[in-house]
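Right, one structure below, let's go through it.
The values are calculated or read from the model by the stated rules, or taken from the named source; none is laboratory data. Nothing here was measured: the structure is a model prediction, and the numbers come from that model. We place every Cβ from the backbone using ideal geometry, glycine too, and count neighbours over all the protein chains shown.
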Amino acid sequence: MTMIADNLHQVQARIDAGVAAAGRVLGSVQLLAVSKTFGPDAVRDAFAAGQHAFGENYIQEAVDKITALADLRSQLQWHCIGPIQSNKTRPVAEHFDWVHTVDRLKIAQRLSDQRPADMAPLQVCIQVNVDGGPTKSGVAPEEALALARAVAALPRLQLRGLMCIPEPAPNFEAACAVFARARALFDSLNAQGLALDTLSMGMSADLEAAIHSGSTLVRVGSAIFGARDYGTTAH
């Protein structure tokens, strides 16, 4: 077993334990392997170990990686989980399957306009600044409903849910309290008629709290691939 395969097994065991502790159905939480700064070979190793969904933060790096792994394209699911500037929407629309970081209608409109007609609709999560961090991306919770309705009306996009990256919490209970706000907003939007099924929250350090609070997708990188070297990353 490779290091990546062994790490994947350990992370999946943590997820399964968290699901069981929360009294949820086994398999109700998806693992997104965050492969930013790691090359195509690392993705191939993870794929060989059974992982199919990968998250990328840096758009040009991701496009290069997706191109290098073209032989696996139909079997891989690529998620953009980094910030998107207006001048970077086209490569996102043309290469990714999912986007988790839509927080402005302008970005959603450009993604919709630039999504190729021969590709499936781009699956979209709205990023919410759930804990009010002043330097954090994300729409304010009170503005999420209006943005969600506007995104849901766009062609070539399919609104799937919400994503959040709260500030690190000092303990499990504090993390659960913040994640519970995102879950409450998720439930509120569904009560307003939006058919959301994805709550993207939780990373290596806090995935148990996120799962306890209702996450359906956790984003884990270094616990799978190892420590990152940002020195050669293409942004």
Residue satisfying condition, being out of contact with any strand residue (DSSP E or B) (no Cβ under 9 Å at 6 or more places or on another chain), of a type in the set (D, E, K, R) and without any contact (Cβ under 8 Å) to a residue 40 or more places away in the chain, within set D118, D97, D131: D118
From the options Q77, Q85, residue that is within 20 Å of L217 (Cα to Cα) and not β-branched (V, I, T): Q77
Subset of the stretch 117-143 that is over 17 Å from the mean Cα position of the chain (by Cα) and at pLDDT 95 or above - its residue that is surrounded by the most Cβ atoms within 10 Å (Cβ to Cβ): P141
Some residue of the stretch 59-67 being surrounded by fewer than 17 Cβ atoms within 10 Å (Cβ to Cβ), out of contact with any Pro (no Cβ under 8 Å at 6 or more places or on another chain) and of a type in the set (S, T, Y): yes
Selection within the stretch 145-181 - touching a Ser or Thr at 6+ places or on another chain (Cβ under 7 Å) and among the charged types (D, E, K, R): R156, R160
Cross-chain or 6+ apart pairs with Cβ under 7 Å, the stretch 30-46 first and among the aromatic types (F, W, Y) and part of a loop (DSSP other than H, G, I, E, B), then buried (at least 19 other Cβ atoms within 10 Å of the Cβ) and at pLDDT 95 or above: F38/F225
Neighbours by Cβ (under 6 Å, 6+ apart or cross-chain): first from the stretch 1-15, within 10 Å of I224 (Cβ to Cβ); second aliphatic (A, V, I, L, M) and outside any helix (DSSP H, G or I): A5/A49; L8/A49; V11/V220
Residues that are crowded, with 20+ Cβ neighbours inside 10 Å and either on the phi > 0 side of the Ramachandran plot or out of contact with any strand residue (DSSP E or B) (no Cβ under 8 Å at 6 or more places or on another chain) (or both), drawn from the stretch 179-213: F179, G202, D206, E208, A209, H212, S213
